[in-house]
Amino acid sequence: MKFISWNIDSLNAALTSESARALLSRDVIKSIQEHNPDVIAIQETKLSAAGPTKKHTEILKETFSDYEIVWRSSVEPARKGYAGTMFLYKNHLQPEVSYPSIGSPGTMDSEGRMITLEFDEFYITQVYTPNAGDGLKRLEDRQLWDVSYAEYLAELDKNKLVFATGDYNVAHKEIDLAHPNNNRRSAGFTDEERQGFTNLLNKGFTDTFRHINGDVTGVYSWWAQRAKTSKINNSGWRIDYWLVSNRAADKVIKSEMIDSGPRQDHTPILLEVEL
């Protein structure tokens, strides 16, 4: 089976805008189509609480005609049009869909950050992990989230194999970002967030990219939009992951980034498994 995950940074913009960035986003969507994955996980949809509009649904159905769509948006008391996740899965698949709440602090459980698909022999779950924020103002809440999320995955893992993906908003090791020494107290590379990810892996999960590719350097999944030359200079971070239950690591055939061309921000990540 083939799975793809992508932080799209606004589904509406990618589907309906005519900006230069939106056109680049649509090129990425075409590349995802060409891979013909069984399941597509999308983060940061930024949709309203009502979800995709009629126009969004029409475009998605035209673009991914043989897929079912499930989504989760930010709802009150959380901010409107914030975060949000979506799954597209081939319509011959019939997973049970759940929208987990993990007892996280503040409004995090209301921000549409998680969806889980349950199949006969495994789960696929996606997450858009909360950012620690400017000035690390949300770091304490983020640490609590990390603990609750790790416990949630561990509970799933007791029942079936787990394939977990998404934007985890953390570069785990120094080789996972271009300039570790300049980012020691930057959101996404604090000791606290890195330890949170270590703790997650220690619950029984494998970082499939490192499992397949070893300590390769210079391969990233995100390049800052604010820095115009970040992609050209490959000044990136690897903050998007496919994780699997340790006992499923030998089922992984491929774990890699999908080339998103000149578009900055996140690039899609691909996982191929033999099930």
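Computed from the coordinates by the stated procedures, all read-outs in this text should not be read as laboratory data. From a predicted model like this one, the values you see are computed outputs, not experimental measurements. Because the Cβ atoms are built from the backbone with ideal geometry, glycine has one as well, and the counts that use them run over all protein chains shown.
Note on the chain: antiparallel DSSP beta bridges, both residues inside, total approximately 75 percent of the bridges counted. A Förster radius of 35 Å, combined with the Cβ-Cβ distance separating His92 from Thr57, puts the computed FRET efficiency at roughly 0.95. Net charge of the neighbourhood of Lys160, taken over other residues with C-beta under 9 Å away and scored Lys/Arg +1, Asp/Glu -1, is -3.
Averaging the sequence gap over all C-alpha pairs within less than 8 Å and six or more residues apart, then dividing by the number of residues, gives the stretch 1-67 a relative contact order of 46 percent. Taking each of Lys54/Lys228; Lys80/Lys203; Lys54/Lys254; Lys80/Lys254; Lys30/Lys254 in turn, the alpha-carbon distance tops 31 angstrom for Lys54/Lys228; Lys80/Lys203; Lys54/Lys254; Lys80/Lys254.
Within a straight-line Cα-Cα reach of under 18 Å, Lys61 can be paired with the following aspartates and glutamates, leaving aside sequence neighbours fewer than 8 residues apart in one chain: Asp27, Glu34, Asp38. If only the Cβ of Lys and Arg carry +1 and only the Cβ of Asp and Glu carry -1, the dipole of the chain around its Cα centre is close to 740 debye. Sorted ascending by nearby beta carbons within 10 Å, beginning with the fewest, Asp240, Asp157, Asp167 become Asp157, Asp240, Asp167.
Let a ≥ b ≥ c be the square roots of the eigenvalues of the Cα gyration tensor of the stretch 1-113; is it rounded (a/c under 1.5), or, if not, prolate (a/b larger than b/c) or oblate? In terms of gyration-tensor shape, oblate.
Sorted fewest first by neighbouring Cβ atoms within 10 angstrom, Glu256, Glu58 come out as Glu58, Glu256.
The Cα-based radius of gyration of the stretch 120-275, divided by its Kirkwood radius, gives an Rg/Rh of 0.96. With neighbours defined as other Cβ atoms within 10 Å of a residue's Cβ, the residues Glu174, Glu118, Glu34 order from fewest to most as Glu34, Glu174, Glu118. With r defined as the distance between the Cβ atoms of Glu76 and Asp27 and R0 fixed at 22 Å, what FRET efficiency is calculated, to the nearest 0.05? Here the calculated transfer efficiency is 0.05.
Tally Lys and Arg at +1 and Asp and Glu at -1 over the other residues with C-beta under 13 Å from the C-beta of Thr63: what net charge comes out? The answer is -1.
Taking label positions 7 Å along the Cα-Cβ direction at both Asn213 and Ala227, the computed distance is 1.8 nm, reported to one decimal. Charge tally for Asp176 (other residues, Cβ to Cβ under 15 Å; Lys, Arg +1; Asp, Glu -1): -3. For the stretch 2-273, the relative contact order is 18 percent, taking Cα pairs closer than 8 Å that sit 6 or more residues apart in sequence and dividing their mean separation by the residue count. Working note: 222 nm ellipticity from helices only, DSSP H runs with n ≥ 4, each -39,500 (n - 2.57), summed and divided by the residues of the chain, gives -8000 deg cm²/dmol to the nearest 500.
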